[in-house]
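The values are calculated or read from the model by the stated rules, or taken from the named source; none is laboratory data. Quantities reported herein were computed from a predicted structural model and do not represent experimental measurements. So basically every Cβ, Gly included, is an ideal-geometry build from the backbone, and we count neighbours across all protein chains shown. Surface accessibility is based on the protein's heavy atoms, side chains included, excluding ligands, DNA and RNA. Shrake-Rupley method; radii C 1.70, N 1.55, O 1.52, S 1.80 Å.
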Amino acid sequence: MSSLCLPDSLTPLLMHVEPLLAAADKYQLGEQVSVDWSESETVDIQFEERQFSLVFNPDGADITGYKVLDQWIAPYPSVSEMQQQVAQKPNLIVSGLPTEKGCIDIWHHNGEARAVYCHHAGASEPQRAMLMVALALDFPLEDAVTLARAHARGYMESHMDGYGETGWPMSRELFPRALTANHPEAEDLGWTCKEAAVEPFAATDPAKLALYPVVDSAEWVECLLDLGVATTQLRIKDENESTLEAQIKQVIAAGKAHQAQVYLNDHWQLAVEHKAYGVHLGQEDLDTADLVAIQQAGLRLGLSTHGYYEILRAAEFSPSYIALGHIFPTTTKEMPSKPQGVNRLALYHKLIGEAFPTVAIGGIDLSRAEKVWRTGVNGIAVVRAVTQAEDPKAALDDFNQLLVRHEPAKDATDAE
């Protein structure tokens, strides 16, 4: 359980906080959150292992915890000025900074500033409430800021006449867009981007994504293709592996021979050089990989995501598919985020809709696959469930029997 303590000055926000916590309970989005009152002027959020504070528009000295600026008086500071400030101050959150056409939210991430942008801000009190609730539910800061803006916009739309329901934001139209080099207004806003703008990537075949084994050797890739697997990924994390290039060439040839979708994890230079089917990259690679070279070579691109903001950021680059994870605890690699769980996965997939194929990844075995599949994702990535199975062919058969979507039966009129 976590706790959210509000100062007396924020008492009016309780009418927004309680419905949001009820919605979070409904969708099982985190541990229960108790609400209490703080004797200080800060919002205090506490988990079993840590605690932090939040304060809106503080005057004077620095405070411990997040400092949120969300009240603005003209003349407004420039976007570039606030981008530089947030990059230098890890505890600073810029919320709803007015611009000529809309508003921008900015936060600190690993030594730089990140942002989302939209054309109308929504209501301020619901925005503050969702920011606090999302943090109390242990969403990362980038997701809390993003959810807060989506909820503020949704609340205003649903309460145009003074009445309406308060729910969890789900519609893609409510969410802001991530500011990247691919955003058409980034340059006009004065936002500095590290990555390069890129055209949409070639499409992958969603029908072949249902079962997506991720393996660590060319031998495994060839074995899986021989057993009828249509999509797989070679993930060799050791860049100094002496046989790396040879294995990459081997799996590319095998994929073409089987007319399969074989992705390479990370090694995009070799993928481009040897004309691979596609590459799979993490979020951090968006700043360093030559996305233009990958796209112009005709390669497909899969992108890893771990929450709301990263999904919105990935969408800006129009990849071939978006991976959602990690869903359950996994030991195959160290993860920077917490397990997302099936309920959050369902909301992420709903957010993406039909815009991109989706692949769930992380700790998925046969016993967990059915409830993951019911979320509507296009594919399920598996690792140990196949590579450590006593009989890999039998394991593949079991998954394939499960990962089937039956077309709705036609009625008599359709049949005629």
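Just a few scattered comments:
- Helix 341-352 vs. the chain, principal-axis angle (Cα, 0 to 90°, nearest 10): 90 degrees
- Assigned charges on the beta-carbon of Lys, Arg, Asp, Glu; segment 116-219 dipole about Cα centre (debye): 200 debye
- Residue-level accessible surface for THR11, protein heavy atoms, 1.4 Å, Å²: 60 Å²
- Of LYS237/LYS393; LYS194/LYS256; LYS26/LYS101; LYS26/LYS194; LYS208/LYS371; LYS208/LYS249, pairs whose Cα-Cα distance is over 30 Å: LYS194/LYS256; LYS26/LYS101; LYS26/LYS194
- Prolate/oblate/rounded call for segment 197-286, Cα gyration tensor, a/c under 1.5 rounded: oblate
- Positive dipole terminus of segment 226-350, leading residue within GLN295, VAL262, LEU324 (C-beta point charges): LEU324
- Each residue of segment 120-134 is assigned a 3J(HN,Hα), and the resulting list reads 9, 7, x, 8, 6, 5, x, 5, 4, 4, 5, 4, 5, 5, 4 Hz, derived from the Karplus form 6.51 cos²θ - 1.76 cosθ + 1.60 (θ = phi - 60°), x at Gly and Pro.
- From helices alone, the chain scores -9500 deg cm²/dmol at 222 nm; the rule is -39500 (n - 2.57) for each run of n ≥ 4 DSSP H residues, then divide by the residue total.
- For the chain, the alpha carbon convex hull comes to 182 Å³ per residue, rounded to a whole number.
- Normalised contact order of the chain, rounded percent, pairs of Cα under 8 Å and 6 or more residues apart: 11 percent
- Amide H to amide H, with H built 1.01 Å from N, ALA181 comes under 5 Å of GLU195, counting only residues 5 or more places away or on other chains.
- Where the Cα pairs of segment 96-165 fall when distances are cut into 5 Å bins, in %: 4, 18, 24, 25, 17, 9, 3, 1, 0
- For segment 193-202, putting each phi into the Karplus relation 6.51 cos²θ - 1.76 cosθ + 1.60 with θ = phi - 60° gives couplings of 10, 7, 7, 9, 6, 8, 6, x, 8, 4 Hz, in residue order, rounded to whole numbers and with x for Gly and Pro.
- Normalised size of segment 82-238, defined as Cα radius of gyration per 2.2 N^0.38 Å with N residues, equals 1.37.
- Added length on full extension, which subtracts the Cα-Cα distance from 0.36 nm per residue, LYS338 to ASP62: 96.4 nm
- Each Lys and Arg contributes +1 and each Asp and Glu -1, all at the Cβ; summed about the Cα centre of the chain, the dipole is approximately 600 debye.
- Hydrodynamic radius (Kirkwood) for segment 245-367, which is based on Cα pairs only, to one decimal in Å: 15.2 Å
- Placing unit charges on each Cβ (+1 for Lys and Arg, -1 for Asp and Glu) gives the chain a dipole about its Cα centre, and among VAL386, VAL17, HIS183 the Cα reaching farthest toward its positive end belongs to VAL386.
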